[in-house]
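> Have a look at this one before I ask anything.
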Amino acid sequence: SADGNAAGMTSEVLDDYEEGTWTATMNTAIPETDTGTYVKIGRLVHAEVTIFPSVNVTFSQVSGLPFTPTNFANAHYGVNKFIDNVDVDGLPLRLYVDGAGTTLAFQRDKLDDADTASVSVSTHATVAGRMRISVSYYTDA
């Protein structure tokens, strides 16, 4: 037992821990895949992947998360850690986790949230891209 239990504590038993790999698939004309890793502790999933889209491709989603996220309305969990040779039209991006499936969608990141439409990202015409994605989300699985 841990010292100093929180007032709302209902359990202190760790009964679900898992590590593994997952296949990230970009929605390019010819689907491209890369392998990532994940850790699941209880309901919390942390997944990471470095995707390497080919030269001159456009995509707006990465699918294949290891677990279906809990369906929270308008929940944005994703973090882009690193982007190299990927054109985002100078816009900051955020990743939206689809609570109904296992997909990450790229969206514009504007302070006023007036324009959160999905956007496509493109690689350069002569150089392949690289994007490091790290995401944490809750699941009911």
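None of the figures in this text is laboratory data; all of them are computed from the coordinates on show. From a predicted model like this one, the values you see are computed outputs, not experimental measurements.
> In sequence order, what are the phi-derived ³J(HN,Hα) couplings for segment 28-38 according to the Karplus relation 6.51 cos²θ - 1.76 cosθ + 1.60 with θ = phi - 60°, rounded to whole Hz, with x for glycine and proline?
7, 3, 10, x, 10, 10, 9, 9, x, 10, 8
> On a full-extension model of 0.36 nm per residue, what is the gain between ASP15 and HIS46, subtracting their alpha-carbon distance, rounded to one decimal in nm?
Residue separation times 0.36 nm, minus the Cα-Cα distance, leaves 9.5 nm.
> Let me know the whole percent of all Cα-Cα pairs from segment 1-71 that are separated by more than 17 Å.
That tail contains 57 percent of the Cα-Cα pairs.
> Multiply the residue separation of ASP140 and THR58 by 0.36 nm, subtract the distance between their alpha-carbon atoms, and state the gained length in nm to one decimal.
26.3 nm
> Would you kindly derive the ³J(HN,Hα) couplings of segment 56-64 from the backbone phi angles with the Karplus curve 6.51 cos²θ - 1.76 cosθ + 1.60 (θ = phi - 60°), listing them in order in whole Hz, with x for Gly and Pro?
6, 10, 10, 8, 10, 9, 10, 10, x
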